[in-house]
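> Got a structure for you, written out below as structure tokens; questions coming shortly.
The values are calculated or read from the model by the stated rules, or taken from the named source; none is laboratory data. On a predicted model such as this, the values are computed, not experimentally measured, just so you know. Every residue, glycine as well, gets a Cβ built from its backbone with ideal geometry; the counts of neighbours run over all protein chains shown. Keep in mind that these areas ignore ligands, DNA and RNA; they rest on the heavy atoms of the full protein, side chains included. Shrake-Rupley method; radii C 1.70, N 1.55, O 1.52, S 1.80 Å.
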Amino acid sequence: HKVLLFAAASNRNDLKLGFPACLPEVICIYSNKTSTTPSTFCRLGKERMNNFSTIGEEVEGAWPLHLNDGKETKRETGTSCSTPIAAGVAALILEYATQDGRHRVARAKELKKKLFMEKVLFNCMTEGSTAGVYNLIEPWKLLSNYDGKQAKTLPMISNSISERNKELSSD
């Protein structure tokens, strides 16, 4: 309760989700090579309606020096690389929504529930397709105009999140 769980789908190139991604209370994350190309090592399963993904190939991250020939970073590939990116985006949404300030988000605490967070991710940060494709999480869709060049105002961002919360509250 009050904890969002994200898990990597699978890198086995089969239609079965790994554990714990197969659990209904978990937000499952697939991998994309580019914004328009899904990773070839994970195939789309029918288990999830939203089928979220983030970039998961050649992701650069910090690495212990003694395990990486003295180098501070290393590039890795897999759903285990895309999953923390999605979790980080969700953490930023939660941080923004729960801040005290002028641009309050209605029912912000509800975003700690899977259904509410999925609604914001799906409706505010993806193309919103349920037609058997990966829904790449693109934070700039919530934070800027679709061209990514013009920032949205804080009230616009708050209203977008609040509207998703209200939709679920009325269901």
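> Under a crude label model (7 Å from the Cα following the beta-carbon direction), how far is R12 from K109 in nanometres?
Distance between label points: 4.0 nm.
> Run the reach check for K74 against lysines, Cα to Cα strictly under 28 Å, same-chain hits fewer than 8 apart removed. What comes back?
Reachable lysines: K33.
> Among T73, V89, T40, which residue has its Cα positioned farthest towards the positive end of the charge dipole of the chain, with +1 placed on the Cβ of Lys and Arg, -1 on the Cβ of Asp and Glu, and the dipole taken about the Cα centre?
V89
> Turning to a different aspect of this structure: Enter the accessible area of L143 (Å², nearest 10), with the probe set to 1.4 Å and all protein chains included.
My reading of the accessible area for L143 is about 90 Å².
> Can you give me the relative contact order of the stretch 1-125 as a percent, contacts being Cα pairs under 8 Å and 6 or more apart?
Worked out over the stretch 1-125, it gives 25 percent.
> Sticking with this structure for a sec: Ignoring everything but the protein chains, give the 1.4 Å probe accessible area of L23 in square angstrom, nearest 10.
Rounded to the nearest 10, the figure is 50 Å².
> Just checking my list (1) 58; (2) 70; (3) 54 against percent of Cα pairs over 19 Å apart computed from this structure; which label fits?
The calculated read-out lines up with (1).
> Need the full-extension length gain, D69 to V3, defined as separation in residues times 0.36 nm minus the C-alpha distance. One decimal, nm.
20.1 nm
> If each residue of separation counts as 0.36 nm, what is the full-extension length gain between T36 and Q99 once their alpha-carbon separation is subtracted?
Details: separation 63, 0.36 × 63 = 22.68 nm, distance 3.35 nm.
Net length gain for the segment: 19.3 nm.
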